[in-house]
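Down below is the structure, laid out as structure tokens.
The values are calculated or read from the model by the stated rules, or taken from the named source; none is laboratory data. Source: prediction; values computed, not measured. Glycine also receives a Cβ, built like all others from the backbone with ideal geometry; neighbour counts cover every protein chain displayed. In case anyone asks, the SASA skips ligands and DNA or RNA and just uses the protein heavy atoms, side chains included. Shrake-Rupley method; radii C 1.70, N 1.55, O 1.52, S 1.80 Å.
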Amino acid sequence: MDADDAVLDSAAAHARRWLSGLDERRIPAAGTAEDAAARLGTELPERGSPAAQVLERLVAAVEPGLMASASGRFYGWVMGSTLPAAIAADWLVSAWDQNAGMRDATPGVVAAEEVAASWLVRLLRFPDEPAVGFTTGATTANFACLAAARGRVLARAGWDLNEGLFGAPRIRVLVGAERHSSVDLALRYLGLGVAEAVGVDAQGRLDAAQLREALVGWHGPTIVCLQAGNIHSGAFDPFEEAIDAAHRVGAWVHVDGAFGLWAAATPTLRHLVAGLDEADSWATDAHKTLNTPYDCGIALVEDGDALRAAMGVHASYLLTSASSVDPFEQVPEMSRRARGVPVWVALATLGAEGVRGLVEGLVESAQALAEGLRRIPGVRVLNDVVYTQVSVAFESDERTREVYRRLVTEGTVMPSASVWHDEAVIRFSVSSWRTGSAEVAETLAAVERAALVGVAVR
Ligand SMILES: *Cc1c(COP(=O)(O)O)cnc(C)c1O
């Protein structure tokens, strides 16, 4: 076997060992970045080393600093783990080494992405055929969608964005007070400034009546950003009423559904997204709920021409398809990996039934977790658990933080520490295909231990 084969086999063996060790591993990283950096070396070596040796060094240096976020007892931020078939697909994406931007250059992977996109569009019940771009994540998907929105609302107001933004009519951007910060970031990238926040209810849902009121009498260029899936409560904005209010004044409606858009995949949860298909653009992630590898977000835009006008480019050296849209015209990147291929593999291995089972399973686990947590003395579950998120607090901020510290020190489970409605909270996001009833039971036992110890030292 030559050295190139050996290093690939070695990587596969290390990957298998890592994955099979997830159950025994403490979840938070044990090592620090400084320790890892010291092992990786301070000076670039003048002479290189054999690849197999370098790989061994890499693994030894980095593994202590890895967080076991693929574990079924990991609930931090909103992060899925990865389906084994999707990992395998990701390896092939690297080995094939296709630059997925140009259809005529790399037709194989472009086809895989386009089939994945059309399956998704049907799975998530979009009535028409929105343009779909595979981005690095929901932040860049929000960016691509909002770039399309910016160009379109300005064009409707008679302004050509090729003239730049200076001197353009003012664009009003309205968001729910509890939108995800990546929406603010995307607006900042686009030079749209700080959005107007519309009030929300106790679950963090945008108040449609307040939105309606804010828009009364206004007819300039407007963008309204709604949310499917509040990170603390999992709640969904009232799409029907909010989109109606926005469309009455000609606004473009964008929905950030990084993890919540997947509720549309199943009849038991579809009521949560009722009316959402009336929006103009949607951002989601495959690397959260669908459990594909990073980095994979998805931008969907009803008006494909608006997306192309914002993201497309034409240059003599590009191989531009005469008949169809090229992938690079729908995303911020020109060169990129074929990140949609693992999406095709995930959808093909799960089937529609498997995706329904995955999403429903996450929600059932979240509800079982909430149910168990409510029985632990001192715990208050703060949200209506309609989806995958559970936020809890103890008697005081101090005690909530103390329980969180104990949980993470033990390391059996890892939720997020956060602040919601001015209160310290522990937030569980059930996002991994590996989380089932056994993991929920272990999680509840761990929280019980952390809560009890807390009482004993008070
Ligand atoms: C995670 C998340 C984002 C950002 O997604 P990335 O993939 O991290 O860029 C945006 N909105 C919501 C609601 C999220 O949960």
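Worth a mention:
- Once the stretch 245-287 is narrowed to residues that are in contact with a Cys (Cβ under 9 Å, 6 or more places away or on another chain) and within 13 Å of the ligand (Cβ to nearest atom), the residue that is nearest to Ala352 (Cα to Cα) is Ala286.
- Which numbered condition Ala456 misses (of (1) at pLDDT 95 or above; (2) over 20 Å from Ala68 (Cβ atoms)): (1)
- Restricting Gly76, Gly101, Gly80 to residues that are modelled with pLDDT under 95 and within 16 Å of the ligand (Cβ to nearest atom) narrows the list to Gly80.
- Tyr75 satisfies every condition listed in (1) at negative phi; (2) open to solvent by 40 Å² or more (accessible area, probe 1.4 Å); (3) in contact with a Ser or Thr (Cβ under 6 Å, 6 or more places away or on another chain) except (2).
- Criterion violated by Thr349 - all others in (1) part of a loop (DSSP other than H, G, I, E, B); (2) more than 16 Å from the ligand (Cβ to nearest atom); (3) β-branched (Val, Ile, Thr) satisfied: (1)
- Of all the numbered requirements in (1) in contact with a strand residue (DSSP E or B) (Cβ under 9 Å, 6 or more places away or on another chain); (2) charged (D, E, K, R); (3) open to solvent by 10 Å² or more (accessible area, probe 1.4 Å); (4) in contact (Cβ under 8 Å) with a residue 40 or more places away in the chain, Glu278 misses one, and that requirement is (4).
- The residues in the stretch 370-392 that are free of Cβ contacts under 8 Å to residues at least 12 places away in the same chain and of a type in the set (Gly, Ala, Ser) can be counted, and the count is 0.
- On the stretch given as the stretch 208-243, residues that are among the charged types (D, E, K, R), away from the ligand (no atom under 16 Å from the Cβ) and in contact (Cβ under 8 Å) with a residue 24 or more places away in the chain total 3.
- Residue under evaluation Glu360, criteria (1) outside the structural domain of Val115 (by TED's automatic domain parsing); (2) closer than 24 Å to Ala117 by Cβ; (3) in contact with a strand residue (DSSP E or B) (Cβ under 7 Å, 6 or more places away or on another chain); (4) open to solvent by 40 Å² or more (accessible area, probe 1.4 Å), criterion not met: (3)
- Residue that is farthest from the ligand (Cβ to nearest atom) [pool: residues in the stretch 288-298 that are in a loop (DSSP other than H, G, I, E, B) and hydrophobic (A, V, I, L, M, F, W, C)]: Leu290
- One residue from Pro64, Pro28 being over 15 Å from His287 (Cα atoms), loosely packed, with under 15 Cβ neighbours inside 10 Å and more than 16 Å from the ligand (Cβ to nearest atom): Pro64
- Residue selected from the stretch 135-157 under the condition open to solvent by less than 40 Å² (accessible area, probe 1.4 Å) and of a type in the set (Gly, Ala, Ser), by the criterion farthest from Arg170 (Cα to Cα): Gly137
- Of the criteria (1) open to solvent by less than 10 Å² (accessible area, probe 1.4 Å); (2) at pLDDT below 95; (3) hydrophobic (A, V, I, L, M, F, W, C), which one Val255 fails: (2)
- Qualifying residue in the stretch 296-304 (condition: over 19 Å from Ala346 (Cβ atoms) and open to solvent by 40 Å² or more (accessible area, probe 1.4 Å)): yes
- Residue in the stretch 299-314 that is under 30 Å from Ala85 (Cα atoms) and either at pLDDT below 95 or within 16 Å of the ligand (Cβ to nearest atom) (or both) present: yes
- Within the option set Arg270, Arg308, Arg339, Arg248, being charged (D, E, K, R), under 24 Å from Ser429 (Cβ atoms), open to solvent by 30 Å² or more (accessible area, probe 1.4 Å) and in contact with a helix residue (DSSP H, G or I) (Cβ under 8 Å, 6 or more places away or on another chain) holds for one residue only, Arg270.
- Scanning the stretch 288-311 for residues that are farther than 24 Å from Ala251 by Cα and of a type outside the set (Ser, Thr, Tyr) gives Lys288, Leu290, Asn291, Pro293, Asp295, Cys296, Gly297.
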